[in-house]
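J.: Below you will find the structure I want to go over with you.
Nothing in this text is a laboratory measurement; each read-out follows from the coordinates by a stated rule. What you see is a predicted model; the values in this text were computed from it and never measured. Neighbour counts run over all protein chains shown; Cβ positions are idealised from the backbone, glycine included.
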DNA sequence: ATGTAC
């Protein structure tokens, strides 16, 4: 038996199911033989707990799945009625973005040029827990008023204008803004005023606004890439239509809603947990991380308001980072042009039509994957092709841009969000050799802003990205249109001294 | 993920 779970049954190429009893449809598992070996008992147990939780009608486990908060990171949870804040997580709307420049790969062969770019980015975009605008000399200052506006409006024309971000980039966002469930930004404004009702809470909010345009710690990163189109003509045409440029430099970012999203999420976990205890309600599978609310209840709507505000901050944060990175490139290449290819989340709950039902689709470390002519893409630049799917792998093996196939319906129009952790951070720090990691990156000609690359973020701390991608393609969910080859990485870690 | 916690 090649799997630890006796109830796991192969149901197609790189696709399996886990039965959870006759009353429920089984869990869908995406992963080939190699990938199915990577799911540990706790991950499977979390998938089962999520599947059996109240109001949940479907769960998909993706190839990058590993243990998470309540539900596995790398899963999709569907409910027509309920929202689950835990699975959305503390980093509300953690996302990927890709900025395409017109710089040919040849121009960044020189390590000196790349060092200059790393420094120019470092002057504008801070990274690491707690870090914000005061930590860098060339940030874009955000006062309380603008912070309030962008948190309630998202990437509105006014917000983008005030921040010097091209307004066309809003069209390249999966969602350029998020509102309250009643469709209003004013409802969010009222909620945010309430959250900042006293001096202390207002100070705290304003300190979070000042993190706009920054990376966090952990797996957040920025990476300069060389774009390599796939070989087949159809994929090349899709890549071209996305605005990608073969053999040119692009910049990939992974970041979320920083301290603001964290505070909003934690606030919700706390109050929902208290409310469960007061009512004597049992947590699903006894796990407080699986607290939930009916989406139409007061509590559910309040959660969706706070999530929307975290998501708005995350959206503008990403766009700000991209503009600051473009300005950094301009310091080294004065005539550079850059355009946002796409911005897409992997930690969010959205209401979507799935089959016959309108569902709350919780993507926890999962990426939306709408193929060509999906109704959700009407009036977007991607209606006829499907939208770009941005998948970070690791610096050594590369990252990927994919596009969904009609088969994505079997995974609730979702794919993985990256490679997925193979080792815990503690295990990686213990097991992986610092010198080996740094030497390997050097041998691949990959530079970094860190003197020592964080061991718990090393390529070998993650699953085999090629097997993850192979699983997605074998299952018929999506196909690769371009590979991204890392040339330098910006991460939170010991800074290089030169 | 997060100036690490009810």
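J.: At 222 nm, what value in deg cm²/dmol follows for chain A if DSSP H runs of at least 4 each add -39500 (n - 2.57) and the sum is divided by all its residues, to the nearest 500?
T.: On the way: 14 runs with 165 residues, N = 498.
Taking each H run of at least 4 residues, the total per residue is -10000 deg cm²/dmol.
J.: Enumerate the whole-percent occupancy of each 10 Å bin, from 0 to the last occupied one, for all C-alpha pair distances of the range A:360-498.
T.: 12, 36, 28, 18, 6, 0
J.: Please report how far the C-alpha centroid of the range A:241-270 lies from that of the range A:136-195, rounded to the nearest whole angstrom.
T.: 15 Å
J.: Using mean Cβ contacts within 10 Å as the protection proxy, how do A:451-461, A:218-228, A:271-281 order, highest first? Can you show the working numbers first?
T.: Numbers: A:451-461: 19.9, A:218-228: 22.5, A:271-281: 12.9.
Listed from highest to lowest mean packing, they are A:218-228, A:451-461, A:271-281.
J.: Using alpha-carbon positions, what is the distance between the centroids of the range A:402-425 and the range A:298-361, in Å?
T.: About 18 Å separates the Cα centre of the range A:402-425 from the one of the range A:298-361.
J.: Hey, another quick one. Express in % the proportion of alpha carbon pairs of the range A:415-463 at distances exceeding 17 Å.
T.: Working: 428 of 1176 pairs.
Roughly 36 percent, rounded to a whole number.
J.: If one computes the Cα centroid of the range A:443-498 and of the range A:106-134, what distance in Å separates the two points?
T.: Value for the Cα centre distance between the two parts: 17 Å.
J.: May I have the pair-distance distribution P(r) for the range A:336-392, computed from all Cα-Cα distances with 5 Å bins from 0 and rounded to whole percent?
T.: 4, 16, 22, 26, 20, 6, 3, 2, 1, 0
J.: Here is a further query. Note down the Stokes-Einstein diffusion coefficient of chain A in µm²/s, whole number, using a Kirkwood radius over alpha carbon pairs, 20 °C, and 1.002 mPa s.
T.: Working: Rh = 22.7 Å.
Calculated translational D: 94 µm²/s.
J.: Within 10 Å of each residue's Cβ, count the other Cβ atoms and sort A:326, A:202 from fewest upward. Working shown, then result.
T.: On the way: A:326 20, A:202 15.
Least crowded to most crowded, the residues run A:202, A:326.
J.: What is the packing order of peptides A:18-25, A:50-57, A:37-44, taking the mean over residues of other C-beta atoms within 10 Å and listing the highest first?
T.: On the way: A:18-25: 12.9, A:50-57: 21.2, A:37-44: 17.2.
Taking the mean over residues of other Cβ atoms within 10 Å, the ranking is A:50-57, A:37-44, A:18-25.
J.: Which order do A:364, A:157, A:208 fall in if you start with the one that has the fewest other Cβ atoms within 10 Å? Please report the intermediate quantities before stating the final value.
T.: On the way: A:364 29, A:157 11, A:208 22.
Listed from fewest to most nearby Cβ atoms, that is A:157, A:208, A:364.
J.: Can you tell me, using C-alpha contacts under 8 Å and at least 6 residues apart, the relative contact order of the range A:95-490 as a whole percent?
T.: 23 percent
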